[in-house]
Structure formats: C-alpha cells, structure tokens
1. Looking at the stretch 98-112, which of the residues that are under 23 Å from ASN310 (Cα atoms) and not hydrophobic (A, V, I, L, M, F, W, C) is most open to solvent (accessible area, probe 1.4 Å)?
2. In this structure, is GLY364 closer than 26 Å to ILE282 by Cα and open to solvent by 10 Å² or more (accessible area, probe 1.4 Å)?
3. Do you know which of the residues in the stretch 186-202 that are open to solvent by less than 10 Å² (accessible area, probe 1.4 Å) and touching a Pro at 6+ places or on another chain (Cβ under 8 Å) is farthest from TYR230 (Cα to Cα)?
4. Which of (1) in contact with a strand residue (DSSP E or B) (Cβ under 8 Å, 6 or more places away or on another chain); (2) under 30 Å from VAL369 (Cβ atoms); (3) of a type outside the set (A, V, I, L, M) is the odd one out, the single condition ARG239 does not satisfy?
5. Among the residues of the stretch 401-439, which ones are aromatic (Phe, Trp, Tyr) and more than 13 Å from the chain's Cα centre (by Cα)?
6. Being among the polar types (S, T, N, Q) and buried (at least 17 other Cβ atoms within 10 Å of the Cβ) is the filter here; which residues of the stretch 338-351 pass it?
7. Only one of (1) free of Cβ contacts under 8 Å to residues at least 24 places away in the same chain; (2) touching a strand residue (DSSP E or B) at 6+ places or on another chain (Cβ under 7 Å) is not met by ASN347, so which one is it?
8. Taking only the stretch 303-356 into account, find how many residues are of a type outside the set (S, T, N, Q) and under 30 Å from LEU85 (Cα atoms).
Amino acid sequence: MSAERFEKKKTIDLRKKHIGPSCKIFFSHDPIKIVQAKGQYMYDEKGQRYLDCINNVAHVGHCHPDVVKAGAQQMELLNTNSRFLHDNLVLYAQRLQATLPDKLSVCYFVNSGSEANDLALRLAWQYTGNKDIITLDNAYHGHVSSLIDISPYKFHQSSDAEQNQYVHVAPSPDVYRGKYRGEHLDPATAYADEVKDMVQRVHKKGGKIAAFIAESLQSCGGQVIPPQGYFQQVAQHVREAGGIFIADEVQVGFGRVGTHFWAFQLQGEDFVPDIVTMGKPIGNGHPMSCVVTTKEVAEAFMSSGMEYFNTFGGNPVSCAIGMAVLDVIVKEDLQGNALRVGRYLTNLLEKQKEKHPLVGDIRGRGLFVGLELVKDRLKLTPATAEAQEVIYRLKEQYILLSADGPHRNVLKFKPPMCFTTEDADLVVDKIDHVLTELEEALGLKSHNALSVENESSKRKVSVTPFPKL
C-alpha cells in the first residue's frame, strides 16, 4: 500500500474515531451481508467464507447442531411465559449454579446483558438502601438508560451529556497505559486505593455506596486485565461502606478465559462477588441472560413488596438452549481449547511484538486477547488509524477482526470457542504482512531490521528506539 493511500485512509478513520467500531463503520468501505454461518466461519450472500475472530456471542460455534436441535425440539413441545412450572427452569438453574461458588445460589433469568445489569442495579439498590454506584473508566454495561449512566465508554462520547450525580468513575486498572503501570510495585493496591478514596469522598458529600460494578475483564475498555488481588481489595472497601460487588461476565464468561469457567475466578478463590451477570455467550446467539446472586440479596429484593416478573426470562426453549450450550462446552472441551489455542495465539502475537514497532502490548487470557498498536512505545501514542487499516485489510482477505479501547487502537480477539491453532496461524500471518506494509509506509523499521543493522556495524549491544515497558 502506498504512503499516499495510507494517509488518505488515516484521515478518514480519524474523522470516525469517536463513533466506534459499529457495523456501519466496520463495513463502510465494502459492505457485506452475512446470510449463513457455521462454526467459526460466516458466509456472505455470494457464498464467500469469512473467518470470525470477534463473535463471542456464537460461543460454541455458529449454528451448533446440538444447540439448534435442543431449541427446535423444545419449541415443538412447549414454549410459553415463565408463569408456568417447567422442569427446564429448575434444571438449568441447578446447572448454572454448579459452576459458581456456593454463595451464589439464586438465579433470575432475563433476556439480554442489558436486562441483567439493569436488574443487578435494582438488586443492589434494594439490598443496601443506598444509591451511589462506582464504575470504571471506559466501562460499558448496556444500552438502557440506567446502564448508559454507568458506562463512560458511552456517555463520554456525548459532548452535552451530564454525568449522573450518583455515578462515580474510578480509574480503569490498566497496567499498560493507566495511572499505575507494570513497573509499579503493587498496582492492584494502588488502583484499589483509588476506589477507597472515592468511597470516602462520596461519604463526605452525604452519599452512600450501593455497589461497585466492573466487567471481570474490561472488553470495550480495551481488553484490560485487572492485576490479581484488585477485586478482593475493592470488594473489601465497598462492603465496609455498605455496598456490594457486581461482576459483569456478559462478555467473558463460560470458559472463555481457559483456566476458569468465570473470569472473576482469575482473581483467586478468596474472591466471590455478591452478584454475577451473564449474557451474550449464554445462549449461543439465542436472546437470554441471567443474574445470579446470594440468598440474602434475593430475600431483600422480595421484601420490597414489588413482584418481579419477566415474560420470556427462563422460558422452556431458552433453558433448553442454555443447557445445550453447557453440554457442548463440556463435550467438546471448549474451555480447554480456549486455554490451549489462546496460549498459542498469544505466543504468536508476542513474536509480532518482537518484530513490529507498531505493536505496543499483547494481553489476554484464553480466547480473550488484545493487541494494542502504538506509534511510539515510550509515549504510547495510540495508532488508531493504523488499527483501522489492519481491520480493513484483513476484511479484504476474508478475516473479521475489530478494535476497541478508548482510542480504538486495540485489536480484539474474541472468536467462537472452536477457534483453532490453524485459524490463529492464518490471522497472525495476515497481520504480520499488513503491519510490515504499514511500517514501510510510515518509515518505521522492524526490530529484525534493526538487529541486522546493529550486527553489521559490530555493535556489542542491540539498540532499539522502542524499549519494552
């Protein structure tokens, strides 16, 4: 690609940087219409196959036959609202609860991640009697009004939006470009102390904390992995203030992180949230979600006198599909696959970091991986236009990838869990070629080229202008 074309494309993407990686932007240059999907592949109306690297909704693979069969068979027998008793509801609740710590024992079935997080806030407000919510910078928790209020990823995009007085934004625990970085001796405590100080400020102004809410791994925030021990300390500060901890697993649950079934478990066995919300992968594309909480929180919610009812939440078809998803995860060892392929993918990307100065950071767990592009590894200048160029060029080669983070410069991998090492080889090879062309257009030299120059000049120490932070 010529430098002229790259600069033109860069200008176009910079104009759109505040809009986000929506379908309109993602497919704006050459729109495609997807009409069919299977496994980790999607097909357009011409039959062209695309490798899907971003669809964490089709968790066990697009249109998995076992999931389709379970839904169709139950639909032939019965589907109705949840006022009627049905075994599927109880069986599925038991199956879900068995994957969680014993303390989390009461399930509320709803229909989307937004519904789940909205209900979680209601539970917190009723249980604590308090109003104030602490959320993380760059967080996104859903599209309904109550959740836009606690989603800086959304309300920071609006120039005239006023932050809700009961919402307080703590720093994202980002150890790459956040306030406390990898070289800090104890970033977990430092970030948790920010929350502690925030609690104290809220109390001084007469407020009271109802809940702290966070994705177990920040997704829209740029694939951010909180330092271990952060959640435990935050939970302590929040609970001492009378609040509770809500773990949003809508993006990252159901075995995606590989080592554990739930991403909050990465923090350690000594951490258990008060509420866990689930969505996206729970139904493999079928609209369903769940809120799981403690008996104490549920009883306080019941004592309000306001009956909670959800027409479609927990209907027989949704529960049959949910159980089929759990069955496939076990049957095909998809959690194990996420661990193995995720490590393989991460290792491949780490080699790209060694080779390409545009690659600033590789981070992730299992099949939840982020590749952050920067123009300068010292200043961490976001390579936003370059990230969008990678996405566009990959789509030309029938690979679907996207970007996230506050600067839209983090290439995100959240593929169906049947993603293979061969898929990883393919996409990383394509990224390698695109980055090489971009760096040539920008006048950047690869680390390999720098090493050759250093050897030819007989320098004893290899010098690079992009030191590892």
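1. SER105
2. Values: closer than 26 Å to ILE282 by Cα: yes; open to solvent by 10 Å² or more (accessible area, probe 1.4 Å): yes.
In short, yes.
3. TYR191
4. (2)
5. Going through the stretch 401-439, the residues aromatic (Phe, Trp, Tyr) turn out to be 413, 419.
Within the stretch 401-439, just PHE419 meets the criteria.
6. THR346
7. Looking at each condition in turn, ASN347 falls short on (2).
8. 23
The values are calculated or read from the model by the stated rules, or taken from the named source; none is laboratory data. Just so it is clear, the structure is predicted and the values come from calculations on it, not from any experiment. In this analysis, Cβ positions are derived from the backbone assuming ideal geometry, glycine residues included, and neighbour counts consider all displayed protein chains. Please note that ligands, DNA and RNA were not included when accessible areas were found on the heavy atoms of the full protein model with its side chains. Shrake-Rupley method; radii C 1.70, N 1.55, O 1.52, S 1.80 Å.
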